[in-house]
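What follows is a set of notes on a single structure, which appears directly below.
The values are calculated or read from the model by the stated rules, or taken from the named source; none is laboratory data. In this text the structure is predicted, and so the values were computed from the model without any measurement. Don't worry about glycine lacking a Cβ; one is built from the backbone with ideal geometry, like all the others, and counts go over all protein chains shown. Surface accessibility is based on the protein's heavy atoms, side chains included, excluding ligands, DNA and RNA. Shrake-Rupley method; radii C 1.70, N 1.55, O 1.52, S 1.80 Å.
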Amino acid sequence: MRPTHPRPHGRNISRLLLATLIPLASATAQQVRTGTVAQTYAELCASCHGKNLEGAQAPSMLDDVWIHGGDDESLALSIRNGFPLKEMPAWSAALPEKEIRAMVIYIREQRAKYAREQTVFAKPAESVTVKSLLHRYRLDTWVGELKEPYSLAFLPTGRAVMTEKLGRLFVIENGKIAEQPVSGLPEVDTGGQAGLFDVVPHPDYAKNGWLYLAYSDLQKDADGKAVSLTRIMRGKLRDGALVEQQTIFQAKPEHYVKAGGVHFGGRIAFDRAGYLFFTIGERGGKMVAQDLGLPIGKIHRLHDDGRIPADNPFAHDAKTVPSIWSYGHRNPQGLAISRETDQVFDAEHGPRGGDELNLVEKGRNYGWPVITYGMEYNGTAMTELTAKEGMEQPVTYWTPSPALCGISFYTGDLFPKWKNHLFVASLAAQELRRVELKDGKLVTQEILFKDLGRIRHVIGGPDGALYVLLPTRIARIAPAE
Ligand code: HEC
């Protein structure tokens with residue numbers, strides 16, 4: 001990935017020039033800055049480091065060559081203290097810590113953007129062979145002409161079911177999608193990020209036929225205003241309809257939030273013991289993710305029929321929501337349980353620069369919004385805190401944010417070297433990532449392809465192929481001869 005690029009700089013900046021170059025802000029006390037980090041950069045740094053961080057009198061910050069260390073802490077230290085002897089001002093007087101933190105994120109983003117521009121990623125069109133690090137693969141359209149497919153599940157009957165965000169559930173048989181959607185589905189809020197989310201069969205589906213759905217449940221509050229929240233139900237497919245419907249989780253009416261909007265979570269996963277895990281995002285409420293009295297910004301755990309397991313961490317306190325398993329989550333749009341280790345992982349769509357992969361453990365606090373590796377979307381600073389006692393660190397995080405969505409472990413046989421690797425879908429970055437974990441830690445990762453559109457989910461089929469949900473189709477990835 002390292003770009004070959006001449007490094008434009010001249011370290012020996014003359015003393016004469018300097019007097020005019022050092023911006024006044026470095027000499028004044030901290031002001032309240034209201035601008036974005038890009039504006040701060042343009043105002044205070046561009047004169048020496050170049051308009052696009054490409055370097056001028058001061059070194060480039062795009063080439064990943066660092067004199068004083070390129071990790072987050074070293075960068076913050078360089079900015080805070082400067083190098084007065086080398087004509088780099090100390091910025092601690094002008095920039096509060098959270099602004100320095102935002103600047104570090106900004107430098108990372110710009111550097112990654114630059115590296116992307118220098119790198120050619122696979123963009124497999126129909127029937128084109130791609131050679132990835134471990135396997136050669138081919139990507140073909142499996143089912144086309146879809147509208148925002150959200151989730152896909154293979155049933156032991158040989159059929160598959162697929163949800164679309166706009167509220168429809170379809171049966172797919174032998175690669176052919178049914179003409180009519182399954183009837184009898186609940187009313188779904190589809191505004192903003194709301195919609196029909198995950199569909200997952202019961203681990204014993206062959207015996208009991210239960211299909212679980214996560215969706216944004218539309219209700220009216222006391223004033224008649226539309227409110228919604230992620231709700232979990234189950235039902236059975238019979239003659240093209242969803243019958244015997246039961247509610248598995250529904251929040252109290254007072255916990256519903258204005259309909260539409262953001263951060264619903266909406267993923268479901270069963271562990272090997274048969275417990276049902278599901279995610280609810282913080283609905284944009286930030287600090288609410290820390291409140292154990294609210295179901296939002298949490299990962300929950302239930303028995304398959306909705307009962308509260310007696311060993312849930314907050315099950316015995318009248319003030320807490322008893323289904324909570326872990327908290328401090330922003331928008332967990334991906335959830336996967338390793339069949340190899342039984343570890344639970346969530347992929348969290350973070351703020352700008354702070355998408356996380358977390359190893360989710362009982363009763364733990366994942367820190368949002370108190371700690372984060374990101375800043376606000378508009379480029380204003382949030383906090384300088386990336387770690388805190390009592391709050392978990394992610395397995396890894398990504399800056400810039402790929403906008404993570406569905407994740408799943410590959411357990412098939414068609415790609416032996418991918419066995420038990422985690423596959424990660426992303427929306428904004430349009431990348432499919434392969435992530436290798438060991439003992440809950442990141443070993444390697446690879447971008448398998450990019451730029452085929454926003455990817456909602458990725459899941460292995462019973463045939464060992466990988467199925468990828470793109471904006472208008474499901475693609476199938478199989479080994480190339
Ligand atoms: C007056 C010129 C000047 C301005 C303004 C300036 N810098 Fe620098 N900066 C330098 C020079 C020169 C160096 C190289 C120091 C060295 O060679 O040891 C440097 C080094 C750095 C480094 C360390 C680079 C490395 O290779 O380890 C960082 C990070 C940095 N600057 C960030 C910033 C940021 C952020 C701003 C704006 C808030 C800024 N600088 C503004 C001149 C400047």
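One table, with the values for the structure above:
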{"quantity": "Contacts under 7 angstrom Cβ, first residue in the range 60-84 being acidic (Asp, Glu), partner part of a helix (DSSP H, G or I), 6 or more apart", "calculated": "Asp64/Arg111; Asp72/Val104"}
{"quantity": "Residue satisfying condition, being assigned to a strand (DSSP E or B) and within 22 Å of Arg330 (Cα to Cα), within set Ile248, Ile232", "calculated": "Ile232"}
{"quantity": "Selected residue (criterion: farthest from the chain's Cα centre (by Cα)) from residues of the range 115-139 that are open to solvent by less than 40 Å² (accessible area, probe 1.4 Å) and modelled with pLDDT under 90", "calculated": "Val130"}
{"quantity": "Residue in the range 89-98 that is more than 10 Å from the ligand (Cβ to nearest atom), within 21 Å of Pro400 (Cβ to Cβ), at pLDDT below 95 and open to solvent by less than 30 Å² (accessible area, probe 1.4 Å) present", "calculated": "no"}
{"quantity": "Pairs where the first residue, in the range 438-464, is among the acidic types (Asp, Glu) and the second is surrounded by fewer than 16 Cβ atoms within 10 Å (Cβ to Cβ), C-beta under 6 Å, 6+ apart", "calculated": "Glu446/Leu133; Asp451/Lys123"}
{"quantity": "Any chance Ile105 is buried (at least 21 other Cβ atoms within 10 Å of the Cβ) and farther than 30 Å from Thr472 by Cα", "calculated": "yes"}
{"quantity": "Listing of strands (runs of 3 or more DSSP E) fully contained in the range 378-481 that carry 2 or more residues being open to solvent by 40 Å² or more (accessible area, probe 1.4 Å) and not aliphatic (A, V, I, L, M)", "calculated": "431-438, 441-450, 474-479"}
{"quantity": "In the range 40-85, residue least open to solvent (accessible area, probe 1.4 Å) [restricted to those that are among the charged types (D, E, K, R) and part of a helix (DSSP H, G or I)]", "calculated": "Asp72"}
{"quantity": "Subset of the range 373-417 that is among the small types (Gly, Ala, Ser) and at negative phi - its residue that is modelled with the lowest pLDDT", "calculated": "Ala381"}
{"quantity": "Flag for Arg80 being within 11 Å of the ligand (Cβ to nearest atom) and of a type in the set (Lys, Arg)", "calculated": "yes"}
{"quantity": "All positions within the range 86-101 that are assigned to a helix (DSSP H, G or I) and either assigned by TED's automatic domain parsing to the domain that holds Thr386 or not charged (D, E, K, R) (or both)", "calculated": "Ile100"}
